[in-house]
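Derivation of every value follows stated rules applied to the coordinates shown; laboratory data play no part. Everything quoted here is computed from the prediction, not taken from an experiment. So basically every Cβ, Gly included, is an ideal-geometry build from the backbone, and we count neighbours across all protein chains shown.
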Amino acid sequence: EAGVTQFPSHSVIEKGQTVTLRCDPISGHDNLYWYRRVMGKEIKFLLHFVKESKQDESGMPNNRFLAERTGGTYSTLKVQPAELEDSGVYFCASSRTTNTGELFFGEGSRLTVL
Amino acid sequence: GQQLNQSPQSMFIQEGEDVSMNCTSSSIFNTWLWYKQDPGEGPVLLIALYKAGELTSNGRLTAQFGITRKDSFLNISASIPSDVGIYFCAGLNYGGSQGNLIFGKGTKLSVKP
């Protein structure tokens, strides 16, 4: 069974540019999550999809971040326009159930904003 | 918002030594979990704890869910070089978003052969 895959693994962009991160969850997992870790800090929740619906987007920092999961399969997270403080590692995770905390994480997409 | 205090921040130990790390919170969690992140990889679940007072082992790893539900510890016995990585504690509450794990800042473990 393929794990959670994320693309790109690393992106370097200038402040003000746009970046789109993609996540392919494990097949059959209805739940998809985005998390972010800024250097040296904790991993922070951004949002949670159940199929194509946003179950919880309370962790999204501001309206420069847009997440979609059309068709309930893969998801994209777009940052537009990117700011310096958006730098960090963006993790996607998926799960079959919602009440255990047992998430399967991807390798992460490292975003560097210069 | 809820925060987890994880300590120590980093550890440098000799192969064969035992390791202990812990997490505390000012608020209660219904579930405690421990994840490990290897360099260049995403976090992987090590142990999940669902009941206050629960003590669970997974090979050389042992974790406990504190009876106050505000803390948890993870012990690693007889460390080996592949134990290197960052260990994260995480708490989960029911009622809110089921995916909204609260993570600690991590404990970076280095093991000298």
> When the distances between all Cα atoms of the range B:1-52 are binned every 10 Å from zero, what whole-number percent does each bin get?
Replying inline: 18, 46, 31, 6
> Within chain A, what's the longest stretch lacking trypsin sites (Lys or Arg not before Pro) that sit in DSSP loops with no more than 14 other Cβ atoms inside 10 Å?
Replying inline: A:65-95
>> List the chymotrypsin sites (Phe, Trp or Tyr not before Pro) within the range B:1-77 that DSSP assigns to loop and that have no more than 15 neighbouring Cβ atoms inside 10 Å.
In response: B:Tyr50
> Of all the Cα-Cα pairs you can form in the range B:50-113, what percent are over 20 Å apart?
Replying inline: 37 percent
>> Given the C-alpha atoms of the protein assembly as shown, compute the convex hull and give its volume per residue in Å³.
In response: 120 Å³
> Taking a quarter of the surface of the Cα convex hull of the range B:1-94, what do you get in nm²?
Replying inline: 6.1 nm²
> Are there trypsin sites (Lys or Arg not before Pro) in the range B:1-94 that DSSP puts in a loop and that have at most 14 other Cβ atoms within 10 Å, and which ones?
Replying inline: B:Lys51, B:Arg60
>> With just the Cα atoms defining each centre, how far is the range A:1-76 from the range B:20-63? Give it in Å.
In response: 24 Å
> Amide H to amide H, which residues 5 or more places from B:Gly42 or on other chains are under 5 Å from it, using H placed in the peptide plane?
Replying inline: A:Glu107
> Using the eigenvalues of the Cα gyration tensor, what equivalent ellipsoid semi-axes result for the range A:26-68 when each is taken as the square root of five times the eigenvalue, whole Å, largest first?
Replying inline: 20, 14, 8
>> Only Cα pairs within less than 10 Å get springs; with that Gaussian network setup on chain B, which residue of B:Gln14, B:Gln37, B:Gln64 has the largest fluctuation?
In response: B:Gln14
>> Please compute, for the alpha-carbon atoms of the range A:10-100, the extent along each of the three principal axes and give them in descending order in Å.
In response: 37, 27, 23
> For the pair A:Asn63 and B:Ser7, how long in nm is the line joining their label points, each one 7 Å along Cα→Cβ?
Replying inline: 4.3 nm
